[in-house]
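In what follows, a structure is listed as structure tokens, so that the remarks can point back to it.
What follows is calculated from the coordinates using simple rules that are stated; it is not laboratory data. Remember, predicted model here, so these are calculated numbers, not experimental data. Here the Cβ positions follow ideal geometry from the backbone for every residue, glycine too, while neighbour counts run over all protein chains shown.
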């Protein structure tokens, strides 16, 4: 009889789960051997399912009655490592036999608290999964003593003041003792029963209930609560109150929440012990779009408080929740039970403690905060035309993966002569190991990289060194933890997560463009516009941020649909208008703010932004991806090598230099990786698939990309010839972008060979760094590079001419850059313009000694090298500056002899294989010449020792 009762009870709870998954024996104790069987043929699921898997894995855990996975989890999602692998019984039936105590490595104390077991099933790489009906995890009770709460039917019951609440439970295993508490006080006790019932009458305040059942030393607790409708609670708030937190004084703060369509909202927090009564019911202001608000008084200055909004809809849409517990959409700091336990206390000292007993993110509130003491209050931004932007992912920059790492290496950026750092998104994102584009809270700083003050310090230090700071920000979308998603969501499985419902005022139910990620913001809605502008204001005013790179601006239209590339990529007037309005708002706060769009679209649309308010010195900067043609050059291959669109002249209708052109960014495969994998091998003496040869070609890359007038960008460690694939996995292996089995690993955390292997001591990598540094300095400090230009490209020998007729001929007003990306030496026609100068100066030779006569008709350039010639010499690269990062040879290139710009000893010359081919022993001055006429033409490395016994290395080109 007992066995029949248990079976019927189980079927009533989860019929579909039972037909898909069986456990034998059932019920079972945690120390019993059990066999779990899954039938993957069952159609009783609407969550993916398994289609002809070669293996099936069980990903499972055990927990208490609040979380079936909370005590221990076994399984490594996406890994074909045998952990949780099931046995194929044939016919779509798979099984696994375990003893929970040993399988989950439970201690005695843990085993005593196990009440539930949860599981899902997947194929070997995790691309397919099988869950229960409604996409819910399979959850099973553990133990021969089990309690079923039959009333109330949901965790939270919404009632009117004075209503009653019926509470009922049953158990198996024998008569148990039941104790019922409300807000911590015992209100009922029953010493011996298997069917418990009680009615709590005339409820006038919110209550948290605990029903505890005890049998033979085992305790099971069920928790639930009631929220009382506070009724009409109207209040007009001052117009100075803003969404989120408004700090009135050191003891008072006001909270404001836009929650259209909701009936009432409570604020629960540390200040009311997370048990809000009617005094914490928010007032509704009908004059302010029915915003809810509350004034919190008696707060202690400097004391961390945490809170959530408990948002109630008494008549929700089908599949939408009646109660949503959520952090503030305008949070500037949130605590997460999912991510915070894995944040280093070195990176974020004194991290506030997540409040016990709560769920999901909570907002931090603190009155009386000390203002940051800015050292630079009048930073003068570099001209847009001069920008050399360094894109960096904080996570992958250095070993500690935080802001302090960047602060510690500020000299690295300064010596590289970049004048702007662009941080990939640092706003609160889901998880810790992320690129940041899965943003959940746009005004909150993600704690994995450091504190608010540490980011401010980073900005301050950059400004002290003449470097602007640009933030990458994802306003196209948000992800599921976002409060504005969750307050109006479809949640058919009741797990508290979901996608936007038809009532959502911020988000589309379905993306209105073809590049959707996350949930799609509706930028036609004034509420979304208000949120975006408030966020822009926060980062500019609070953190002194100099500019934004707006991610995926193609998604800002409401005119298209998912999968319609033609519409998404065509001109959309609504998108043009809203993005202009956002730019206007940024400029209203900071007249010189950098506005950069990642649009990668047609000139017809982009020109409207690039030319917008250009006569005022503004204009939006547009990302200009040029990876493929530049990679064809660096690989020495035969694909399209037309690089004209690196600058604005090749963009139809652009009236000014507003193209942030780049050969590399975070989204594309590393050029060096492809050089080594696919480089030209036709010349054995210049095999591009050889690492050293490939590295020797990377200085020329910057010469014909960064030097084009207008803002330009580099992706971190391109200046050191980073050759690790962006598809490098956490374990060091590399997967291709199309690897469907193991995933592409693009978002995985990357190794740090640039520091662990000390690349700055490797001659060829240091040479790239030094060359790029010199080129950047020329671009930034020589006015001619703000002028006009022409590019001749399409073959292996691109030519760039830069000129400014408003500058006198007695100054540097004309520059010619010649490069050879072939694998053999090329004789290149100079085609010097007439009437400019009789002598052209090699601008990479800071001594000014390397020149070319105007009468010279051709120049021989070795493979992978370049020449940058000006009508006048430049004093930007003086000898004193150069000795800080290296030393100089002249003339370079040379036919037979060269000199060195300092006193040296023991001069050694190596070819690219590392072989010593010539040496000069002794002490030498800068008047001594070194004869290399016997060496073959090509690229060599020269190694010397200076008067301070430092070992220095640079490159030498023998013609």
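The label-point distance for residue 950 and residue 616, in a model that sets each label 7 Å from Cα toward Cβ, rounds to 4.7 nm. In the chain, the longest principal axis of the Cα atoms and the axis of helix 763-781 are about 80 degrees apart.
Cβ-to-Cβ counts within 10 Å put 187, 158 in ascending order as 187, 158, the fewest first. By the helix-only formula, in which each DSSP H run with n ≥ 4 contributes -39500 (n - 2.57) and the sum is divided by residues, the chain has a 222 nm mean residue ellipticity of -4500 deg cm²/dmol.
Each distinct pair of alpha carbons in the stretch 860-959 adds a 1/r term; the inverse of their mean, the Kirkwood radius, is 14.2 Å. What the Kirkwood sum gives for the stretch 68-217 is a hydrodynamic radius of 18.7 Å, with every pair of different alpha carbons counted. Against the main long axis of the alpha-carbon atoms of the chain, helix 2-13 sits at an angle near 50°. For the listed peptides 478-484, 645-651, 352-358, a ranking on the average number of other beta carbons within 10 Å per residue, highest first, reads 478-484, 645-651, 352-358. Could you give the angle, 0 to 90 degrees to the nearest 10, between helix 573-589's Cα long axis and the longest principal axis of the Cα atoms of the chain? Roughly 80 degrees between the two axes. Projected onto planes of every orientation and averaged, the convex hull of the alpha-carbon atoms in the stretch 286-444 covers 14.7 nm².
Computed extension gain for residue 913 through residue 752, at 0.36 nm per residue and net of the alpha carbon distance, reaches 55.5 nm.
Among 917-924, 581-588, 864-871, 332-339, the peptide with the highest mean count of other Cβ atoms within 10 Å heads the list, and the full ranking is 864-871, 332-339, 581-588, 917-924. Highest mean packing comes first when the peptides 603-611, 311-319 are listed by Cβ atoms within 10 Å, giving 603-611, 311-319. Global size of the chain: 33.3, 109 Å for Rg and Dmax (C-alpha atoms, Rg to one decimal, Dmax whole).
One quarter of the surface of the convex hull around the alpha-carbon atoms of the stretch 87-133 equals 4.8 nm², the direction-averaged projected area. Start at zero, step by 10 Å, and the Cα-Cα distances of the stretch 760-912 spread as 10, 38, 38, 12, 1 percent across the bins.
Cβ crowding within 10 Å ranks 254, 688, 469 as 254, 469, 688, fewest other Cβ atoms first. Could you give log10 I(q)/I(0) at q = 0.18, 0.23, 0.26 Å⁻¹ for the stretch 367-454, computed by the Debye formula over C-alpha point scatterers of equal weight, without solvent? For the stretch 367-454, the Cα-only Debye profile gives -0.98, -1.27, -1.31.
Based on alpha carbons, the Rg and Dmax found for the stretch 537-598 are 13.6, 40 Å. Taking every Cα-Cα distance in the stretch 440-595 and sorting them into 5 Å bins from zero, the calculated P(r) comes out as 2, 9, 16, 19, 18, 15, 11, 7, 3, 1, 0 percent. Model label sites at residue 734 and residue 191, defined 7 Å from Cα along the beta-carbon direction, differ in position by 7.6 nm. Counting neighbouring Cβ atoms within 10 Å and putting the fewest first, the residues 458, 296 line up as 296, 458. The value obtained for the stretch 688-785, namely the Cα convex hull volume divided by the number of residues, is 126 Å³ per residue. Histogrammed with a bin width of 10 Å, the alpha carbon distances of the stretch 123-186 distribute as 14, 32, 28, 18, 8, 1 percent, first bin at zero.
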